Amino acid sequence: MSYGSFVVMRDINARVKRGEVFIIMGGSGCGKSTLLREMIGLKEPTRGDIYYDGSPFWASPPEDRQKRLRSFGVLFQSGALWSSMTLAENVGLPLGEYTELPESDIAEIARLKLALVGLKGFEDYYPSQISGGMNKRAGLARALALDPDILFFDEPSAGLDPISSRNLDRLILELRDSLGATFVVVTHELASIFTIGDHAIFLDAGTRSVRAQGHPRELLLRSTDPVVREFLTRGDSVSQPVVPPPVI
Amino acid sequence: MSEATPVSPLTFRREADGCFRLALSGDWLDRAHLPSIEIVAAELAKGGTATALAFDTTGLGRWNSGLIVFILRCADLCQSQRIEFRVETLPTSLGRLIALSQAVPERADAAITLEQPQFLQKVGESAQGVWSGGMGIASFLGENILTLGRMARGQAQFRGQDVLLAMQECGPQALGIVALINFLIGLIMAFVGATGLARFGAGVYVADLVAIASVREMGCIMTGIILCGRTGAAFAAQLGTMKVSQEIEAFQTFGISPIDFLVLPRILAMVAMMPLLCLFADLIAILGGFLVAASMLHIDPGLYMHRTLDAVSLTTFLLGICKGTFFGVVVALTGCLRGMQCGTNAAAVGQATTSAVVTGITTIVAADGVFAVLCNALKI
């Protein structure tokens, strides 16, 4: 991964299992979001490829990539709702583009998706008329529009208060269990990492590589790497025994 | 809020054990200047080598960041002269701030190292920038041609209501400014023409002058420039803001072409509106010219209308409309191009807007020159 001659990260090798919540964590500027952009087709890796179901993404023809993109749902850091459309139109647009459904069915599905994320009754609101947390949830509803196999979240907790952040974590777990979808989440929020993560990789800006990977709680309890431990304990104390937060 | 008072003079005392004690007294709130570290260096050099630098702060009043900077300079001086720096002789709060400012090492891991490039590197990077800029424009034009092809086959992904919205923005909402500018242009052309032509008794030809100049050149070029500053800039700002808020990336991740969805409606709107705006601009400019001709030269309205219709051929009229439509496409393309090329911060939106206007106006004027040469070659 690089921007021009500046190498952000190299030798990244990780496997995401179907149905798990996969966390990409690390300090600011370590390349988490860049890795996510490469996974969702927004930036081509300098070398290597991303494999989905054993097929390379970037080496495949553009038509196949387009088809693959329709199995993705992406929640951006800012929500990235289309500001000129209502919430229902935001959710309904991908359905209108990729299905033959009549308008009335699309509107019904959009209402359902918004209800799933707790936004029943807000269908006709514009993104500017709702709060940041609601924008995030509406972004999630849009990401769910095409019933994706994989959901990618970029810093889902950014800009949210602790309660909203915790509710979003609960929603992610609920959707993982009910939809059976795979989640790839970029975050450095420790509470979220321990609450929702099934597997995590730790990107280190210093060595520009994957420094550790495994279950977040296992990493916290068993990792002997001081950099990983410092990150997972917020640098409070490396020597003190660490108790992971309870599962919600 | 207290008034800044001058920094108190420093006093020095050399102690028996070789320790150099610096007494800080009074208020250190001066924002104009700090005592020079050279004074301390000069005092240290007097009377043999000092072993340590300590502070006497019993007379120290209120202080601000200036004192911390001065003490840090003292610390640097001690380090360079291998003298012990006794930070513990400072008040606790001051000592803590000094320790804090020295505790965090500069992080270099996640930042790009800025190096002063060599001349050849600068030339190479500039050439690369020009090349990649050119490729970016070519790629954008290519994508638009593909989008037009998809639209012709009925496969382009865009909403009709977005076209109507853009039409309203670049059409009816621009009527006021288009009318004002073209009316003034008509007035000015007629006034300049009237003062010159009246001397030769050819005042009636003011109608010909205004009609041909407006319909063939000024109507379309002025409307193009006005829309470039108004609508082209708005397009760049809209798309730039969407880039900043990741809305364009959201289209891409759904496999929806942003060119189809965002650029095509704006181009279609401009193509639909520019001929009408040019026609409107021509009529308004002619009206402006008529007012001057009627008031200054007392030309009969019927005669003025007759001369106007006589002067403007269908070819001249269509040439003006075609040029205007082409300028409309230029405005839409440059506005959207700069918007899509926008960076991801607020300042980049301003740069994109400025760049859209500059690129648009330059392209319109250059294209008009090319049209003039072509028309001359084709005897139009």
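Coordinate-derived values only; no laboratory data. Please read all numbers here as calculations on a predicted model, not as lab measurements. We place every Cβ from the backbone using ideal geometry, glycine too, and count neighbours over all the protein chains shown.
Quick one: divide the alpha-carbon radius of gyration of chain A by 2.2 N^0.38 Å and tell me what you get.
That works out to 1.04 for chain A.
Can you tell me, using C-alpha contacts under 8 Å and at least 6 residues apart, the relative contact order of chain B as a whole percent?
In percent, rounded to a whole number, it is 17.
Output the relative contact order of chain A, whole-number percent, from Cα pairs under 8 angstrom with separation of 6+ residues. Provide the component values of the computation, followed by the final result.
Values: 400 pairs, mean separation 67.4, N = 248.
Result for chain A is 27 percent.
Would you mind counting up the charge near A:Ser55? Only other residues with Cβ under 14 Å from its Cβ, with Lys and Arg at +1 and Asp and Glu at -1. Spell out each step's value before the answer.
Numbers: positive: A:Arg65, A:Lys67, A:Arg68; negative: A:Asp49, A:Asp53, A:Glu63, A:Asp64, A:Asp149.
With Lys, Arg at +1 and Asp, Glu at -1, the net is -2.
For each of B:Ile226, B:Ile212, count neighbouring Cβ atoms within 10 Å of the residue's Cβ, then give the residues from fewest to most. Could the numbers behind the result be given before it?
Values: B:Ile226 20, B:Ile212 17.
Ascending Cβ contact count within 10 Å gives the list B:Ile212, B:Ile226.
Sort the following peptides by mean Cβ neighbour count (other Cβ atoms within 10 Å, averaged over residues), highest first: B:189-198, B:151-160, B:369-378.
B:189-198, B:151-160, B:369-378
Applying 1/(1 + (r/R0)^6) with R0 = 35 Å to the Cβ-Cβ distance of B:Leu120 and B:Val373, what FRET efficiency is obtained, to the nearest 0.05? Walk me through the intermediate numbers first.
Details: r = 39 Å, r/R0 = 1.10.
Calculated value: 0.35.
Looking at the stretch A:30-70, which trypsin sites (Lys or Arg not before Pro) are DSSP coil and have at most 10 other C-beta atoms within 10 Å of their C-beta?
Within the stretch A:30-70, the qualifying trypsin sites (Lys or Arg not before Pro) (loop, at most 10 other Cβ atoms within 10 Å) are A:Arg47.
Please work out the ratio of the alpha-carbon Rg of the protein assembly as shown to 2.2 N^0.38 Å and round it to two decimals. Mind dumping the intermediate values first?
Details: Rg = 34.2 Å, N = 628, 2.2 N^0.38 = 25.4 Å.
Rg over 2.2 N^0.38 Å, computed on Cα atoms: 1.35.
Relative to the compact-globule scaling 2.2 N^0.38 Å, provide the ratio for the alpha-carbon radius of gyration of chain B. Mind showing how you got there, number by number?
On the way: Rg = 35.4 Å, N = 380, 2.2 N^0.38 = 21.0 Å.
Chain B yields a ratio of 1.68.
Okay, which of the stretch B:48-86 sit inside 14 Å, backbone N to the point 7 Å along the Cα-Cβ direction of B:Ile39?
Zone members listed by number: B:67, B:70-71, B:74.
Say each of A:Gln129 and B:Asp300 gets a label point 7 Å from the Cα, pointing the same way as Cα to Cβ; how far apart are those two points in nm?
Distance between label points: 6.2 nm.
What's the Kirkwood radius of the stretch B:11-103 in Å, using all Cα pairs?
Every distinct Cα pair counted, the radius reaches 13.5 Å.
Return one number: the angle in degrees, 0 to 90 and rounded to the nearest 10, between the long axis of the Cα atoms of helix B:65-80 and the longest principal axis of the Cα atoms of chain B.
Roughly 60 degrees between the two axes.
Rounded to the nearest 5, what is the percent of antiparallel bridges among the DSSP beta bridges in chain B?
Just about 30 percent of them are antiparallel.
Can you give the local net charge around B:Asp368? Use residues other than it whose beta-carbon is closer than 9 angstrom to its beta-carbon, Lys and Arg +1, Asp and Glu -1.
0
Find the relative contact order for the stretch A:86-147 and round it to a whole percent, using C-alpha pairs within less than 8 Å whose residues are 6+ positions apart. Intermediate results must be reported in sequence, preceding the final value.
Numbers: 66 pairs, mean separation 28.8, N = 62.
In percent, rounded to a whole number, it is 47.
Between B:Thr49 and B:Trp131, what is 0.36 nm times their sequence separation minus the Cα-Cα distance? Round to one decimal in nm.
23.3 nm
Rounded, prolate or oblate for the stretch B:236-280? Axes are the square roots of the Cα gyration tensor eigenvalues, ordered a ≥ b ≥ c, and the cut-off for rounded is a/c under 1.5.
It is oblate, given that a/c is not under 1.5 and a/b is not larger than b/c.
With 23 Å as the limit, write out which pairs from A:Lys43/A:Lys67; A:Lys32/B:Lys243; A:Lys67/A:Lys136 have Cα-Cα distances beyond it, or answer none.
Details: A:Lys43/A:Lys67 17 Å; A:Lys32/B:Lys243 20 Å; A:Lys67/A:Lys136 25 Å.
In this structure, A:Lys67/A:Lys136 exceed 23 Å between Cα atoms.
What is the distance, in nm, between label points placed 7 Å from the Cα along the Cα-to-Cβ direction at B:Leu184 and at A:Arg15?
That separation, rounded to one decimal, is 7.2 nm.
Quick one: check the C-alpha center-to-center distance for the stretch A:171-208 versus the stretch B:48-83, whole angstrom.
Going from one Cα centre to the other spans 50 Å.
Within 10 Å of each Cβ in B:240-249, how many Cβ atoms from other chains are there, averaged over the peptide?
Other-chain Cβ atoms within 10 Å of each residue's Cβ, averaged: 5.
Work out how much length B:Val192 to B:Arg96 would gain on full extension: take 0.36 nm times their residue separation and subtract the Cα-Cα distance, in nm to one decimal.
That pair, B:Val192 and B:Arg96, stretches by 26.9 nm at full extension.
For B:Thr354 paired with A:Ala158, estimate the spin-label separation in nm (one decimal), with each label point 7 Å from Cα along the Cα-to-Cβ line.
In this crude spin-label approximation the distance works out to 2.6 nm.
Relative to the longest principal Cα axis of chain B, at what angle does helix B:175-197 sit, 0 to 90 degrees, rounded to 10?
Helix B:175-197 sits at roughly 70 degrees to that axis.
Specify, per residue and in Å³, the volume enclosed by the convex hull of the alpha carbon atoms belonging to the stretch A:25-165. Intermediate values should be presented prior to the final figure.
Values: hull volume 18.3 nm³, N = 141.
Residue-normalised Cα hull volume stands at 130 Å³.
Can you find, among A:Ser28, A:Pro45, A:Pro56, the residue sitting farthest towards the positive end of the charge dipole of the stretch A:19-60, where Lys and Arg contribute +1 and Asp and Glu -1 at Cβ?
A:Ser28
By per-residue mean of other Cβ atoms within 10 Å, what is the highest-first order of A:97-104, B:283-290?
In descending order of packing, they fall as B:283-290, A:97-104.
Express in nm, to one decimal, how much length is gained between B:Thr344 and B:Arg14 on full extension, taking 0.36 nm for each residue of separation and deducting their alpha carbon distance.
112.9 nm
Taking all pairs of different Cα atoms in the stretch B:133-268, averaging 1/r and flipping that mean, what Kirkwood radius in angstroms comes out?
Result for the stretch B:133-268 stands at 18.0 Å.
Give the calculated FRET efficiency between B:Glu84 and A:Thr207 to the nearest 0.05, with a Förster radius of 35 Å applied to their Cβ-Cβ distance. Before the final figure, lay out each step's value.
Values: r = 38 Å, r/R0 = 1.08.
E(calc), rounded to 0.05, equals 0.40.
Can you find, among B:Ala41, B:Leu283, A:Gly96, the residue farthest towards the positive end of the dipole of the protein assembly as shown? Put +1 on the C-beta of Lys and Arg, -1 on that of Asp and Glu.
In the protein assembly as shown, that residue is B:Ala41.
All other residues with a Cβ under 9 Å from the Cβ of B:Thr51 taken together, and with Lys, Arg as +1 and Asp, Glu as -1, what is their net charge?
Combined, the nearby Lys, Arg, Asp and Glu give -2.
If R₀ is 35 angstrom, what is the calculated FRET efficiency for the pair B:Tyr205 and B:Ala152, using the beta carbon separation as r and rounding to 0.05?
0.15
When the helix-only estimate is applied to the protein assembly as shown (DSSP H runs of n ≥ 4, each -39,500 (n - 2.57), divided by the residue count), what is the mean residue ellipticity at 222 nm, nearest 500 deg cm²/dmol?
-17500 deg cm²/dmol
What per residue convex hull volume, in Å³, comes out for the stretch A:86-147 when only alpha-carbon positions are used?
Spread over its residues, the Cα hull of the stretch A:86-147 gives 65 Å³ apiece.
For helix B:119-152, what angle does its Cα long axis make with the longest principal axis of chain B, in degrees from 0 to 90 and rounded to 10?
40
Which percentage, to the nearest 5, of the DSSP beta bridges contained in chain A is antiparallel?
Within chain A, antiparallel bridges account for around 35 percent of the total.
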